[in-house]
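Scroll down for the structure; my scribbles are underneath it.
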Amino acid sequence: MLLDIKTLILIPALGVIQLRERNMSVYMIVEAKEIMDKEKYGEYIQRVPQTIEKFGGKYLVRGGQVTTVSGDWNPARLIIVKFNSMDKFQAWWNSSEYRRVAPLREQSARMNAIVVEGVAEGLIG
């Protein structure tokens with residue numbers, strides 16, 4: 001195994017052995033909490049897909065019906081975008097293309113967003 005491709009994480013106290021791919025897919029999960037300016041937000045959702053696609057991102061969920069199955073989380077709008085790696089996500093997030101569009105989101109909506117790593121092939125644990 002080449003450590004520049006994969007990292008082995010050992011946490012004996014938890015009984016966890018995890019094989020992590022440095023270039024594993026990541027998922028950006030966005031909860032749109034409130035749309036304050038529908039016109040600006042509409043422009044944002046028209047312009048942002050091209051920036052995502054340019055960096056290899058792919059929408060998996062884009063505003064479909066949400067059904068709560070446990071707890072009290074009930075987002076009005078949910079977006080999930082897959083990127084091939086954290087590097088690809090960060091390149092998109094920091095790109096001049098996205099930075100030109102981002103103010104439309106920032107001025108028109110309140111959102112929560114996270115990025116989470118997917119499960120690497122070969123996961124042990």
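The values are calculated or read from the model by the stated rules, or taken from the named source; none is laboratory data. All of these numbers come straight from a predicted model, not from anything done at the bench. Positions of Cβ are backbone-derived with ideal geometry, glycine not excepted, and every protein chain shown enters the neighbour counts.
Values for this structure:
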| quantity | calculated |
| --- | --- |
| The range 78-94 residues that are touching a residue at least 40 places away in the same chain (Cβ under 8 Å), paired with ones that are surrounded by fewer than 16 Cβ atoms within 10 Å (Cβ to Cβ) and assigned to a helix (DSSP H, G or I) (beta carbon under 8 Å, 6 or more apart) | Trp92/Lys54 |
| Matching residues in the range 65-91 - criterion: being closer than 16 Å to Val116 by Cβ and β-branched (Val, Ile, Thr) | Ile79, Ile80, Val81 |
| Single match in Gln50, Gln46, Gln107 (criterion: in contact (Cβ under 8 Å) with a residue 60 or more places away in the chain, more than 18 Å from Ser25 (Cα to Cα) and exposed (fewer than 15 other Cβ atoms within 10 Å of the Cβ)) | Gln107 |
| Strands (runs of 3 or more DSSP E) fully within the range 24-87 counting 3 or more residues that are at pLDDT below 95 | 26-35 |
| All positions within the range 88-120 that are among the small types (Gly, Ala, Ser) and at pLDDT 95 or above | Ala91, Ser95, Ser96, Ala102, Ser108, Ala109, Ala113 |
